[in-house]
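These notes concern the structure reproduced below.
The values are calculated or read from the model by the stated rules, or taken from the named source; none is laboratory data. What you see is a predicted model; the values in this text were computed from it and never measured. FYI the Cβ positions are ideal-geometry reconstructions off the backbone, even for glycines, and counts take in every protein chain you see.
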Amino acid sequence: MTALLSRYPHWVLAGLSILGVGFYWTLWAEDRYVSEAVVVLESPQIAAPQISFSSILTGANSDSDMLLLREFLLSVDMLQAIQQKLDFRAHYSEHGDIFARLWHADAPIEDLHEYYLRRVRVELDDYAGVLKLEVQAYSPEFAQAMTKLLLEAGEAHMNDMGKRLAEEQVGFLEVQVERLRERLDHSRAALLAYQNAHGLVSPTGTVDSLNQVVAGLEGELARLQARRSALSSFSSARSADMVRVESEIAALRAQIGSERDRLAQAAGNSLNRISSEYQSLELSARFAQETYSSALAALENTRIEAARKLKQVSILQSPLLPEYPTKPERLYNTTVFIIVALFLAFIANMLWLIVQDHRD
């Protein structure tokens, strides 16, 4: 044996390693049960209203949501939740062989999380758009309970994220809507007060009516002036017809001047100034109403978007209660180690022969 070790140390070491590793994987390694689940995230299919106001909530796409869920399931927060409800430390420190167990029940959170990542696997299938969970434990009941807890906590976390964002957005919009409503009420009150103060329901309408009256009077004036010109060709200035026409022309000119004074005068409450002020107040009230309507539409849209942000973890395969252990993969691990050990021994043997050849 000593001669064999001195002549072929690499083969001897390889054989001893294969025997040790084979003994560990076949006899020593403790069985682990695997609970699996396949899930997908879904949102309520609610049609958003067709409004001009852009959507307040901007959500990530489904793949991003699945990645967020995966990161949470593998996070320290998830580990702490499992520890509180299932006592993760106790289960993995009291079971398992010396190489697979959690060595210290009071291990720091960093080491505990590293061990947690070796026992929990969450993978995203990009093609199918599903999330696959795999939990290894030393009892089938614990593996299934831990998988169920992962699904429940993941769904609750995704919904909490959506609700928190929605509540903040809805709360902000509700405050803005209340302020805009007060602004609209103030604008309407100012408009009504202005109408009551001047005794006019619509100054702009009154101005338009007066303009029409002035235009009609000017047309009548032009007709009378044309008649006067015609009469002057065969009647004297003192004739009854000429006197009557002149009187009518003077009356029309006086009336036109009076109406124009109502529309625009040097001082006082002229209709043109009243109309201008009224239009400013009307535009302000109209703008306040449109802004208030847009805010109401945005608020309703935000509430609908909040409902659409709720996530439901739809289970395609419920957490499995394993009936027999599937971990560790004893034959696979042993075979892989034998192949690697023999390959390394072969390389070492070739190097050994090359060195011996150079010595000779």
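Within the range 283-292, identify whether any single residue is surrounded by 13 or more Cβ atoms within 10 Å (Cβ to Cβ), within 60 Å of the chain's Cα centre (by Cα), modelled with pLDDT under 75 and in a helix (DSSP H, G or I), and answer yes or no. No, every residue in the range 283-292 fails to be surrounded by 13 or more Cβ atoms within 10 Å (Cβ to Cβ), within 60 Å of the chain's Cα centre (by Cα), modelled with pLDDT under 75 and in a helix (DSSP H, G or I).
Restricting the range 233-280 to residues that are surrounded by 13 or more Cβ atoms within 10 Å (Cβ to Cβ) and not in a helix (DSSP H, G or I) leaves a set whose member that is modelled with the highest pLDDT is Ser239. Of the residues making up the range 149-169, those that are of a type outside the set (A, V, I, L, M, F, W, C) and exposed (fewer than 15 other Cβ atoms within 10 Å of the Cβ) are Glu152, Asp160, Lys163, Arg164, Glu167, Glu168. Taking the conditions exactly as written (assigned by TED's automatic domain parsing to the domain that holds Ser35, within 21 Å of the chain's Cα centre (by Cα) and over 18 Å from Glu71 (Cβ atoms)), does Lys148 satisfy them or not? No, not satisfied.
Among the residues making up the range 122-139, those that are free of Cβ contacts under 8 Å to residues at least 60 places away in the same chain and in contact with a Lys or Arg (Cβ under 8 Å, 6 or more places away or on another chain) are Val122, Glu123, Asp125. For the range 332-348, a residue qualifies if it is among the aromatic types (Phe, Trp, Tyr) and more than 16 Å from Gly20 (Cα to Cα), and the qualifying residues are Phe343, Phe346. Cβ separations smaller than 8 Å between residues 6+ apart or across chains give the following pairs from the range 70-85 residues that are in the same structural domain as Ala156 (by TED's automatic domain parsing) and among the aliphatic types (A, V, I, L, M) to residues that are buried (at least 18 other Cβ atoms within 10 Å of the Cβ) and not in a helix (DSSP H, G or I): Leu73/Val120; Leu73/Val122; Leu73/Leu133; Leu74/Val120; Leu74/Val122. Can you run down the residue pairs with Cβ atoms below 8 Å, 6 or more apart or on separate chains, where the first is in the range 25-36 and within 11 Å of Thr334 (Cβ to Cβ) and the partner is in a loop (DSSP other than H, G, I, E, B) and of a type in the set (Phe, Trp, Tyr)? Final answer for the pair search is Ala29/Phe99. Within the range 94-150, being in a helix (DSSP H, G or I) and among the hydrophobic types (A, V, I, L, M, F, W, C) holds for Ile109, Leu112, Leu117, Phe142, Ala143, Ala145, Met146, Leu149, Leu150.
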